[in-house]
1. Give me the net charge for the shell around residue 157: Cβ to Cβ below 12 angstrom, other residues only, Lys and Arg +1, Asp and Glu -1.
2. Residue separation times 0.36 nm, minus the C-alpha to C-alpha distance between residue 50 and residue 175: what's the value?
3. I need the trypsin sites (Lys or Arg not before Pro) found in region 1-59, filtered to DSSP loop residues with at most 14 other beta carbons within 10 Å of theirs.
4. Per residue, what accessible area does the chain have, given a 1.4 Å probe and all protein chains present, in Å²?
5. For residue 84 and residue 12, what does the FRET efficiency come to when R0 = 22 Å and r is the distance between their Cβ atoms, rounded to the nearest 0.05?
6. With both partners inside the chain, how many of the DSSP beta bridges are antiparallel, as a percent to the nearest 5?
7. If you keep only loop residues by DSSP, which chymotrypsin sites (Phe, Trp or Tyr not before Pro) in region 149-221 have at most 12 other Cβ atoms within 10 Å of their Cβ?
8. Work out how much length residue 137 to residue 3 would gain on full extension: take 0.36 nm times their residue separation and subtract the Cα-Cα distance, in nm to one decimal.
Amino acid sequence: HFLYWPWIYDLKTVDNITIPQGNVGVVESMDGAKSLEKGEIFAQEWVNPVDMLNAQKFMEEGYKGPQLTVLTPGQYRYNPRLFTITVKKALEVPIGTVAVIKANAGKPYEVTEQVEMVNGVPIVPQGFRGIWNKALSPNAYYLHPDAFVVTLVQTTNRVYNYVQKNSITVKTSDSFEFPVDVRVSVKISAEDAPYVVAMLANPDADLDRNGFVVLEDRVIL
């Protein structure tokens, strides 16, 4: 713009923000037309992120606070006095695993039939609040890293060997004890992964730091 009135306007030039590949831009607004509704920790999603960054449009329709909408890789113009944008890693699901998503934001799943519950956790379709009933397959995803809790679950075969010192001891009818080597092969399917996470949380975590992951400690053994 040229020929502005310097006694009316102060101008400050700022750089556009660039979101690199493999990252997302997490947005928080310092003002807005409305405050977040009770019980909400993220503002509802925008269909077009560019509309969200339009300061005039945002001050007419937007919610003050953390935004559920993230910026995908690219370059954006924004008003730094209205928005704070932080670059964070996008979700990458490696081959041989799936990602189970627990959504802490989004619409509550309200249907006439009873919501499926596992271990007190609702299993819901994608886009609703709760554990999504379909895990994400290997790929890159642009999800808000603070609004969605991601648990990566291995879907390839797991093999547990109990031999020699770790073998299983059995007792005969005449009370004679002897070791038996045991080999256990386990596979968690992508379809079952959300239910495994609802029951065990992260099956590959070593919560007690005893050398056994949760799946082995609570299921196999």
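1. Numbers: positive: 158, 183, 187; negative: none.
Here the charged neighbours net out to +3.
2. 37.5 nm
3. Passing both the DSSP loop test and the Cβ count: 12, 38.
4. On the way: 14640 Å² over 221 residues.
Heavy-atom accessible area per residue stands at 66 Å².
5. On the way: r = 16 Å, r/R0 = 0.74.
Computed FRET efficiency for residue 84 and residue 12: 0.85.
6. 90
7. Here the chymotrypsin sites (Phe, Trp or Tyr not before Pro) that fit, given the DSSP loop and packing criteria, are 176.
8. In short, 42.8 nm is gained.
The values are calculated or read from the model by the stated rules, or taken from the named source; none is laboratory data. Please read these numbers as outputs of a predicted model, since none were measured by experiment. Here Cβ is always computed from backbone atoms with ideal geometry, including for glycine, and neighbour counts include all displayed protein chains. What goes into the accessible areas is simple: the full protein's heavy atoms, side chains included, and nothing from ligands, DNA or RNA. Shrake-Rupley method; radii C 1.70, N 1.55, O 1.52, S 1.80 Å.
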